[in-house]
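The structure under discussion appears below in the form of structure tokens.
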Amino acid sequence: MKRALITGVTGQDGSYLAEFLLSKDYEVFGLRRRTSTPNYENVYSIKDRIHWISGDLTDLASLIEAVRIADPDEVYNLGAQSFVAASWPQPLLTSQITAVSVTNMLEAVKIVKPTARFYQASSSEMFGKVVETPQRETTPFYPRSPYGVAKVYGHWITVNYRESFDMFACSGILFNHESPRRGLEFVTRKVTDAVARIKHGLQSELRMGNLDSLRDWGFAGDYVKAMWLMLQQEEPDDYVISTGEMHTVRELLQVAFSYAGLDYEQYVVIDPEFVRPAEVDLLLGDSSKAQTKLDWKLEVGFHELIHMMVDEDMKRVAAEIRYHDAFTLVN
Ligand code: GDP
């Protein structure tokens, strides 16, 4: 039975990856940061099948201990401060967690289990103010946020450990990937949640930032399979994972609202609070290397993804209303 250690396992990608690895009969170890109110929402159904290890990405000693306990064949480093907009007000925290912690994790693996295969969650945000379109593995980076800068560090330190210490370390350059488990602050989920709340009469407007930016949005469930595939190859390498299709935020609004029979123009208000100090105008990935070498396939398209997210938010909001009504009745 193979053993995998996942950091960031309670997040969107970590939860899909854990489910995928469990379905492949892996023993899954999840790093858990101590908090007074742990959030297991994404891993609720598999919580008891994960071996939980307490640790913190900023604390090397705890990571060394985590690798010792897990004794992993594969390590997936998905933990990060992952919200771009939060990286301006918290640039140092972002650097500590999203950049320097990658070295912590690599060091822990190098010290305890250097033969373990290592996956680093890199990001299309590294391309930032893009110098070519579409972006591929060879495209130079030009990050536009403290988050993007931190991810560039994480990418290069992973490449460096591969080249310096002969470690099987891969960097997956994933373009935006979404799902019903996406955090509510990200634009896709913010929109699909708002659609559900407006439809149920709980919200009357949606405050947004730049509607013109273009993103290459895919389904997180498809993308975690690419992470695993990278670690099954004979040689470690870096891969772009993307759909090769881009849409504006405005199109996202159109697709989500019209699916619920609503006109987004009646609800959306532009609010400077959500406009970023520096914007990434366009991201479009060329994942042909992953498709050819990994035989990776995309299964869920843009419309299907947004519809899935609206459906799930509709169900969740309806359940919240039922719960609230029942609670009001008994009290
Ligand atoms: P990112 O690509 O990792 O930054 O993912 P996000 O989902 O946070 O943002 C995607 C794009 O949507 C960016 O270009 C944002 O500027 C744009 N956007 C416009 N309005 C909003 C908003 O209200 N919230 C967020 N998160 N993004 C917005």
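If Q96 passes every condition in (1) buried (at least 19 other Cβ atoms within 10 Å of the Cβ); (2) closer than 14 Å to L57 by Cβ but one, which one does it miss?
It is condition (1) that Q96 fails.
With the checklist (1) aliphatic (A, V, I, L, M); (2) surrounded by fewer than 22 Cβ atoms within 10 Å (Cβ to Cβ); (3) touching a residue at least 12 places away in the same chain (Cβ under 8 Å) in hand, flag the one item V131 doesn't pass.
(3)
Could you check how many residues of the range 277-312 are assigned to a loop (DSSP other than H, G, I, E, B), open to solvent by 80 Å² or more (accessible area, probe 1.4 Å) and away from the ligand (no atom under 16 Å from the Cβ)?
Initial filter on the range 277-312 (assigned to a loop (DSSP other than H, G, I, E, B)): 277-281, 283-284, 286-287, 295-301.
With open to solvent by 80 Å² or more (accessible area, probe 1.4 Å) added as a condition, the list becomes 277, 281, 295, 297, 299.
When the remaining residues are screened for being away from the ligand (no atom under 16 Å from the Cβ), the result is 295, 297, 299.
Matching residues across the range 277-312 total 3.
The rows are residues; the columns are (1) within 16 Å of the ligand (Cβ to nearest atom); (2) within 30 Å of P277 (Cα to Cα).
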site: I53; (1), (2): no, no
site: A66; (1), (2): no, no
site: I69; (1), (2): no, no
site: Q81; (1), (2): yes, yes
site: A86; (1), (2): yes, yes
site: P89; (1), (2): yes, yes
site: I97; (1), (2): yes, yes
site: S101; (1), (2): no, yes
site: K110; (1), (2): no, no
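What pairs come out if I take residues in the range 221-236 that are under 17 Å from Y161 (Cα atoms) and pair them with residues that are open to solvent by 50 Å² or more (accessible area, probe 1.4 Å) and in a helix (DSSP H, G or I) whose C-beta lies under 9 Å away, six or more apart or interchain?
Pairs found: none.
In the range 111-215, which strands (runs of 3 or more DSSP E) lie fully inside it and hold 2 or more residues that are hydrophobic (A, V, I, L, M, F, W, C), modelled with pLDDT of 95 or more and outside the structural domain of E234 (by TED's automatic domain parsing)?
On the way: elements: 117-123, 169-174, 206-208.
Of the strands (runs of 3 or more DSSP E) lying wholly inside the range 111-215, those with at least 2 residues that are hydrophobic (A, V, I, L, M, F, W, C), modelled with pLDDT of 95 or more and outside the structural domain of E234 (by TED's automatic domain parsing) span 206-208.
Here are the criteria: (1) surrounded by fewer than 18 Cβ atoms within 10 Å (Cβ to Cβ); (2) part of a strand (DSSP E or B). Tell me which single one Q232 does not satisfy.
(2)
Please enumerate the residues belonging to the range 175-210 that are within 12 Å of the ligand (Cβ to nearest atom), open to solvent by 10 Å² or more (accessible area, probe 1.4 Å) and aliphatic (A, V, I, L, M).
Within the range 175-210, L184, V187 meet the criteria.
So is Y223 within 16 Å of the ligand (Cβ to nearest atom), outside the structural domain of T192 (by TED's automatic domain parsing) and either open to solvent by less than 30 Å² (accessible area, probe 1.4 Å) or under 18 Å from I198 (Cα atoms) (or both) or not?
On the way: within 16 Å of the ligand (Cβ to nearest atom): yes; outside the structural domain of T192 (by TED's automatic domain parsing): yes; either open to solvent by less than 30 Å² (accessible area, probe 1.4 Å) or under 18 Å from I198 (Cα atoms) (or both): yes.
In short, yes.
The values are calculated or read from the model by the stated rules, or taken from the named source; none is laboratory data. Bear in mind the structure is a predicted one, so any value in this text is a computation, not a measurement. As a convention, Cβ positions derive from the backbone with ideal geometry for all residues, glycine included, and neighbour counts pool all protein chains shown. For the accessible areas, the whole protein counts, side chains as well, though only heavy atoms, and no ligand, DNA or RNA atoms are used. Shrake-Rupley method; radii C 1.70, N 1.55, O 1.52, S 1.80 Å.
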